[in-house]
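S.K.: The structure's right below; bear with me while I get my questions together.
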Amino acid sequence: MTVQGVKYMSDFEAKKAILDIGRRMYEKGFVASNDGNISCKVGPNTIWTTPTGVSKGFMTQDMLVKMDINGKVLMGKWRPSSEVKMHLRVYKENPDVQAVTHAHPLVATSFAIAGISLDAAVLTEAVMGLGSIPVAKYATPGTDEVPDSIAPFVNTHNGVLLANHGALTWGKDIYQAFYRLESIEYYATILMYTGNIIGRQNLLSCDQVNKLLDIRHKLGITAGGIPPCSPEETNAKDVVSAADIRPAEQSGPGPVLKGVTSIVRPGENPAPAGCGCSGTSGRLTASEGQKAIGAEALGKAKEEIIAEVVRRVIEGLS
């Protein structure tokens, strides 16, 4: 259906898409139990939205609710989620938005709980298609505090983290809104790995970011903000060995992963951290209750060592 030059989904298309997105949310682990909500416009002032108290992975079309953007129920036997208020506020603040999704993806929600915005120029796709994701101040779910907290960002960004709650995204159609939700979780995961596990992030330079922003503009994405960037390029040369990027003051054969035994190449004999020695050959002794890697570990094949490191990282995350 087209109204005043704007094309909207039909009722049938909108309901089918909402059920599809709900299943995707549930299968990806973005929601647990009855969490999350989805809405989609079918006209300038009407939407279909998800009901309260139902898992997003097990909805049926008869459960969905049709409303106007003032909150009046037009069709449906179920009650809409109390959090539909923030959806309605998005539509009122930005009439170009046609769909809104809300969920609690694990990593992004962890950033929301920590009060850390997703705002680092480390990933080209995030700069181009998503932009910076701020953290809206805490608001009690289901109250008017929530729509008030997100209102400042609706026209300048493509989504927000809700402090101690979850993530909210919007878009020109229901799939763009959901893809932005996926991108937020992916972006948050990259920031977690690089910032908190690997412990190193090479920011894109300001010149590199400006070129990505030009591409974003050509794609028709006018919101998203500008993330902080590096004055100089940090990625202008090939990296053949980890030693090529290791700071001079860092000892050891490779990058240090937090909570993970340093990677050791067969035949190398690393010095225990903090011992002040230079890694001479011979058997290492235990230092501060930590056993040094013995001859058996040094004889492992390179593939086995990498597999062990990966295992320990996974254990640390679980």
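S.K.: Does Lys66 qualify as being buried (at least 16 other Cβ atoms within 10 Å of the Cβ) and basic (Lys, Arg)?
M.R.: Spelling it out, Lys66 is indeed buried (at least 16 other Cβ atoms within 10 Å of the Cβ) and basic (Lys, Arg).
S.K.: Please verify whether segment 84-92 includes one or more residues that are surrounded by fewer than 19 Cβ atoms within 10 Å (Cβ to Cβ), assigned by TED's automatic domain parsing to the domain that holds Phe153 and part of a loop (DSSP other than H, G, I, E, B).
M.R.: Looking through segment 84-92, none of the residues is surrounded by fewer than 19 Cβ atoms within 10 Å (Cβ to Cβ), assigned by TED's automatic domain parsing to the domain that holds Phe153 and part of a loop (DSSP other than H, G, I, E, B).
S.K.: For Pro134, indicate whether it is in contact with a strand residue (DSSP E or B) (Cβ under 7 Å, 6 or more places away or on another chain) and either of a type in the set (Phe, Trp, Tyr) or closer than 25 Å to Thr189 by Cα (or both).
M.R.: yes
S.K.: Identify all residues within segment 170-192 that are over 15 Å from Phe30 (Cβ atoms) and within 12 Å of the chain's Cα centre (by Cα); write none if there are none.
M.R.: Ile190, Leu191, Met192
S.K.: On to the next question. Pull out all pairs, ordered by first then second residue, where Cβ-Cβ is under 8 Å, the residues are six or more apart or on different chains, the first lies in segment 19-43 and is farther than 22 Å from Met67 by Cα, and the second is part of a strand (DSSP E or B).
M.R.: Pairs found: Met25/Ile38; Met25/Thr101; Met25/Ala103; Phe30/Ala103; Val31/Ala103.
S.K.: Could you look through segment 60-77, keep only residues that are out of contact with any Lys or Arg (no Cβ under 8 Å at 6 or more places or on another chain) and touching a residue at least 40 places away in the same chain (Cβ under 8 Å), and pick out the one that is farthest from Gly36 (Cα to Cα)?
M.R.: The residue in question is Lys66.
S.K.: If a residue has to be free of Cβ contacts under 8 Å to residues at least 60 places away in the same chain and under 15 Å from Thr234 (Cα atoms) to count, how many in segment 193-207 make the cut?
M.R.: Looking only at that region, the number is 4.
S.K.: Looking at segment 113-140, which of the residues that are charged (D, E, K, R) and part of a loop (DSSP other than H, G, I, E, B) is nearest to Gly36 (Cα to Cα)?
M.R.: Top of the filtered list is Lys137.
S.K.: Give me the residue from segment 219-260 that is among the charged types (D, E, K, R) and modelled with pLDDT under 70 and, out of that set, farthest from Gly129 (Cα to Cα).
M.R.: Within segment 219-260, the match that is farthest from Gly129 (Cα to Cα) is Glu249.
S.K.: Is one or more of the residues making up segment 193-205 outside any loop (DSSP other than H, G, I, E, B), surrounded by 16 or more Cβ atoms within 10 Å (Cβ to Cβ), in contact with a helix residue (DSSP H, G or I) (Cβ under 6 Å, 6 or more places away or on another chain) and not acidic (Asp, Glu)?
M.R.: no
S.K.: Go through segment 209-245 and count every residue that is closer than 23 Å to Gln176 by Cβ, assigned to a loop (DSSP other than H, G, I, E, B) and in contact with a Gly (Cβ under 9 Å, 6 or more places away or on another chain).
M.R.: Residues that pass the stated criteria total 7.
S.K.: Would you please name the residue that is farthest from Gly22 (Cα to Cα), looking only at residues in segment 35-66 that are among the small types (Gly, Ala, Ser) and not in a loop (DSSP other than H, G, I, E, B)?
M.R.: Checked segment 35-66; the qualifying residue farthest from Gly22 (Cα to Cα) is Gly43.
S.K.: Of all residues in segment 141-181, which are part of a loop (DSSP other than H, G, I, E, B) and in contact (Cβ under 8 Å) with a residue 60 or more places away in the chain?
M.R.: Gly142, Val154, Asn155, Thr156, His157, Asn158, His165, Lys172, Asp173
The values are calculated or read from the model by the stated rules, or taken from the named source; none is laboratory data. Just so it is clear, the structure is predicted and the values come from calculations on it, not from any experiment. Every residue, glycine as well, gets a Cβ built from its backbone with ideal geometry; the counts of neighbours run over all protein chains shown.
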